[in-house]
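Some notes on the structure that comes next.
The values are calculated or read from the model by the stated rules, or taken from the named source; none is laboratory data. Everything numeric here is computed off the predicted structure, so don't read it as measured data. Neighbour counts run over all protein chains shown; Cβ positions are idealised from the backbone, glycine included. Surface accessibility is based on the protein's heavy atoms, side chains included, excluding ligands, DNA and RNA. Shrake-Rupley method; radii C 1.70, N 1.55, O 1.52, S 1.80 Å.
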Amino acid sequence: MTLPLDLTGKTALVTGGASGIGLACAQRLAAAGARVVLADRNAALAQERAAELDGEALVLDVGDEAAVAAAAAQWHARHGAVDILVNSAGVLQRTLPPGQLTLKEWDFVAHIDLRGTYLCCAAFGQEMAHQHKGAIVNIASVAGMRSGPLHSYGPAKAGVISLTENLAGEWGRSGVRINCVSPGFTQTPALEKGFSTATLHEDALVQSAALGRLVRADEIANAVVFLASDWASAITGVNLVVDAGYLVATPWHAYGGLRSP
Ligand code: NAI
């Protein structure tokens, strides 16, 4: 299914664009006519994927303040503000209890997932605000909305939701919209790694969703592209959950589980 969205003439920068949800977003944005820039720390993959989309690769570690500032300054000097920014760069976390989860790992996850999202929003969003245009979509997570054994990832993603609301207020009068999408368990290389290391169990996740399945990365991309487009012209500061009904199904466990048809 393709939404009749026309993003011809727009530039879209997607962090984490070399894989998974970010790549699916870049593919959908390119299909809608946007010129895509894949900003990722994985240089080889970013270049390969960007070439497939007739786009550009930008080698970037989103947690590196100086690198993000330099990349944004160079981009703005050459092209002006990007029209669309999607912040999908992120890392998942091992499900360790406090005591086993080292502060080094806690910091690493928060550094990329929250700080990195903020750095990119700040660096690219300010120029959008100066030029009175633009839409930002951050990738948060259902893990930022409910309890779980993710003591850095969960708070980092809750922070992304809060950050999105704050910046929507900050830049609304400057014509910049900023929203987030909270995916449920989505089929990506990161999730596959979770299955292969037995951190996550596919059957349990499928059973936990009202729709009885995982989410596909292109289904996240559909929501992202909608929020980034003029179809969402009056929407800012929202957190759109795309989770195949994971959040609504979970309380049913207290009543014996979802009913079979
Ligand atoms: P993925 O591992 O397939 O892709 C992540 C991409 O981000 C990779 O290309 C990686 O190189 C890049 N990246 C990682 N750290 C980076 C950094 N410091 N600077 C620049 N690029 C960096 O992962 P996936 O599953 O596509 O995740 C994308 C986003 O979606 C993440 O923010 C993740 O937290 C979020 N998410 C994923 C869910 C899932 O079930 N897959 C569920 C909820 C949220």
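Couple of notes before you dig in:
- Only a single criterion out of (1) assigned to a helix (DSSP H, G or I); (2) open to solvent by 70 Å² or more (accessible area, probe 1.4 Å) is not satisfied by residue 92, namely (1).
To keep it simple, each residue is scored yes or no on (1) surrounded by 14 or more Cβ atoms within 10 Å (Cβ to Cβ); (2) within 29 Å of residue 136 (Cα to Cα); (3) at pLDDT 95 or above.
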| position | (1), (2), (3) |
| --- | --- |
| 187 | yes, yes, yes |
| 193 | no, yes, no |
| 201 | no, no, no |
| 209 | yes, yes, yes |
| 212 | no, no, yes |
| 217 | yes, yes, yes |
| 221 | yes, yes, yes |
| 225 | yes, yes, yes |
| 228 | yes, yes, yes |
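- The listed residue being near the ligand (Cβ under 10 Å from one of its atoms) and either assigned to a loop (DSSP other than H, G, I, E, B) or on the phi > 0 side of the Ramachandran plot (or both), out of 211, 191, 205, 200: 200
- With respect to being among the hydrophobic types (A, V, I, L, M, F, W, C), within 11 Å of the ligand (Cβ to nearest atom), under 23 Å from residue 127 (Cα atoms) and at pLDDT 95 or above, residue 181 fits the description.
- Any chance residue 83 is within 18 Å of residue 36 (Cβ to Cβ) and within 22 Å of the chain's Cα centre (by Cα): yes
- Cβ-Cβ under 9 Å pairs, at least 6 apart or on other chains, segment 94-114 side farther than 17 Å from residue 68 by Cα and within 12 Å of the ligand (Cβ to nearest atom), far side open to solvent by 60 Å² or more (accessible area, probe 1.4 Å) and at pLDDT below 95: 109/92
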